[in-house]
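Notes for the one structure printed next.
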Amino acid sequence: MGLVVQKYGGSSVADAEGIKRVAKRIVEAKKNGNQVVVVVSAMGDTTDELIDLAEQVSPMPTGREFDMLLTAGERISMALLAMAIKNLGHEAQSFTGSQAGVITDSVHNKARIIDVTPGRIRTALDEGNIAIVAGFQGVSQDSKDITTLGRGGSDTTAVALAAALDAEVCEIYTDVDGVFTADPRVVKKARKIDWISFEDMLELAASGSKVLLHRCVEYARRYNIPIHVRSSFSGLQGTWVSNEPQGDQKVEQAIISGVAHDTSEAKVTVVGVPDKPGEAASIFRAIADAEINIDMVVQNVSAAATGLTDISFTLPKTEGRKAIDALEKAKSVIGFESLRYDDQIGKISLVGAGMKTNPGVTAAFFEALSDARVNIELISTSEIRISVVTRADDVPEAVRAVHTAFGLDSDSDEAVVYGGTGR
Ligand code: ADP
Ligand code: ASP
Ligand code: MG
C-alpha cells in the first residue's frame, strides 16, 4: 500500500461546496488503496482577512499573537474537511501542526521547520484513518509557542510531512492545471509544463511564481520527494517537479522554462552613503539584525565631487517599515543622508537552465522589454535567471511581451484558472 500526501490550497476549499468536492477526491485516493495524509490551507482568503482584522486593532501586528490568530484559519478548514470525509462514510482525524509533530525554530511569522515527528499521524493511519493536517503552522522547539511558516507555507508542510513519512509523492492541488510558463492569470497563452527540474522550479518560485513556495521546493529537492502540481477542479495530469523525468513525462528542450513576476517587493534607497570600506557592511548588518531577508542590491558609482554614493536594495513590502526603522536607528553610525522607500515596483524574471549555454538570451530579454517600452530600474542575474525591476504598472505588459518574444505562447487552448481571487 502506498502513502500519498495531498495538499489543498485555499481556493480549493473556499466554501462548503469546495470542502465537499475535495473530500470526495481524498476518499477516491483512499479507495485506490493508499494511505492518505492531507495538508489543508485556510479557506479562500481567510488568512488575508485575519491579517486585515489584526491591522485594525494594531498597526503592525507581528509575533506570537499574530501567529495564534493566523493558525486559526487552518484549524477551521481541517476540522470541516474531516467532518465532510466522515460524512462520506470514511474515518478521518484532523491535527494541528503541533499535534502532527511539525517542530520549528522560534522565529514568529516565518519559522523554519527543523524536525518532523509524525508519530500521531502514523498511528492515525495505522488505525485506518485519513489524517488531515493544518498547513502553515508548527510549534517552536524552544519556546513551545505556536509558529507560522510564512505566507504560502502549507506547501512546505506538505513536503516536510511527505519526507518524514517517506511518501511516494507529494500532490499539490491548486486552482490551475499545473506549473505554466507564466502566471495564467496574466498570460492567457501560458503553456502547461509537463515536467520541470527542481533547479528551474526553485528559481521560478524564488522569482515569485507562487504556485509553489520556494522553501517547499528546496525541501523536496533535499529529500528527493517528487511533487505533482495539479488542479483540484479537473482530473488532468499536472506538472511533475523532480530530479529526472519519469516514464512518459514530456521534457521540452526549451532554453527558457518560464517567466515569473513578483509585485510583493519594495525598494529602499540609502542616499548619500560615504564611499569607503565598511559602509555596505554596516547597512546590511543593521538589516540582518532586524531579521530581514533582502533580494537585489545595487550600488551606484559615487560622484567624484562628493565621494558619496547611493545603495538600493529590494525586500518584501511586509518588511518595509521594519527596515526603515532599523536604518534610521543606525543612521549616526552608518552616516548616510536620507532614505527613500518605493513600493510601486515589480520584478520580472526569465528562468531556464538553457541560458547557461545559449548566448543572446540577455540581449533578447532587454529587446523585448524595450519594444514594450518598459523602463528598467535594477538588474540582477544568476546562472539560470535574469531579473529586472520595473514600475509595478508595467509588469503585466512586460511579462506578456517577454513570454511572446521567447516563443513560449501556446498555440492551443487558453490556460484555465478555476478559482481563487489571485490575492
Ligand atoms: P493555493 O491557494 O492553491 O495555494 P496559490 O494562489 O498559492 O494557490 O497558487 C496558485 C496561483 O499561482 C495560480 O492561481 C496562479 O495565479 C499563480 N501562479 C503564478 N505563477 C504561476 C505559474 N508559473 N504557473 C501556475 N500558476 C502560477
Ligand atoms: N493560509 C496561509 C496563507 O494564505 C498558508 C497557505 O495557504 O499556504 O498564506
Ligand atoms: Mg499557495
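Just so it is clear, none of the values below were taken in a lab; they were calculated from the coordinates. This structure is a prediction, so every number in the text was calculated from the model and none was measured. Cβ atoms come from the backbone with ideal geometry, glycine included; neighbour counts cover every protein chain shown.
Side notes on the structure shown:
- Convex hull of alpha carbon positions in the chain: directionally averaged projected area 21.9 nm².
- Residue exposure proxy: Ser338, Ser207, ordered by other Cβ atoms within 10 angstrom of their Cβ from fewest to most, comes out as Ser338, Ser207.
- The long axis of helix 16-31 is offset from the longest Cα principal axis of the chain by roughly 60 degrees.
- Modelled this way, with points 7 Å down the Cα-to-C-beta line, the labels at Glu252 and Met68 are 5.0 nm from one another.
- Computed over region 335-407, the range of Cα coordinates on each principal axis works out to 44, 26, 14 Å, biggest value leading.
- Hydrodynamic radius by Kirkwood, which averages 1/r over all alpha carbon pairs of region 1-150, in angstrom: 15.6
- Each residue of region 128-137 is assigned a 3J(HN,Hα), and the resulting list reads x, 7, 8, 9, 10, 10, 5, x, 6, 9 Hz, derived from the Karplus form 6.51 cos²θ - 1.76 cosθ + 1.60 (θ = phi - 60°), x at Gly and Pro.
- Amide H contacts under 5 Å for Ile130, placed H, 5+ residues apart: Glu91, Ala92, Gln93
- Debye intensity ratio in log₁₀ form over the Cα atoms of region 123-207, taken at each q of 0.13, 0.18 Å⁻¹: -0.61, -1.01
- Phi angles of region 62-78 translate, via the Karplus equation with coefficients 6.51, -1.76, 1.60 and θ = phi - 60°, into HN-Hα couplings of 8, x, 4, 5, 4, 5, 4, 5, 5, 5, 4, x, 6, 5, 5, 5, 5 Hz per residue; Gly and Pro are given as x.
- Inverse mean reciprocal Cα-Cα distance (Kirkwood Rh) of region 266-353, Å: 13.5
- With each label modelled as a point 7 angstrom along the Cα→C-beta vector, the Glu367-Thr306 pair spans 3.8 nm.
- Proximal aspartates and glutamates relative to Lys20, as straight alpha-carbon distance under 14 Å, when same-chain residues fewer than 8 apart are discounted: Glu28
- Kirkwood Rh, angstrom, region 291-400 [1 / mean 1/r, Cα pairs]: 16.1
- On Cα atoms only, tilt of 279-289 relative to the major axis of the chain in degrees: 20
- Separation in nanometres of the label points that stand 7 Å from Cα toward Cβ, at Asn375 and Arg185: 2.7
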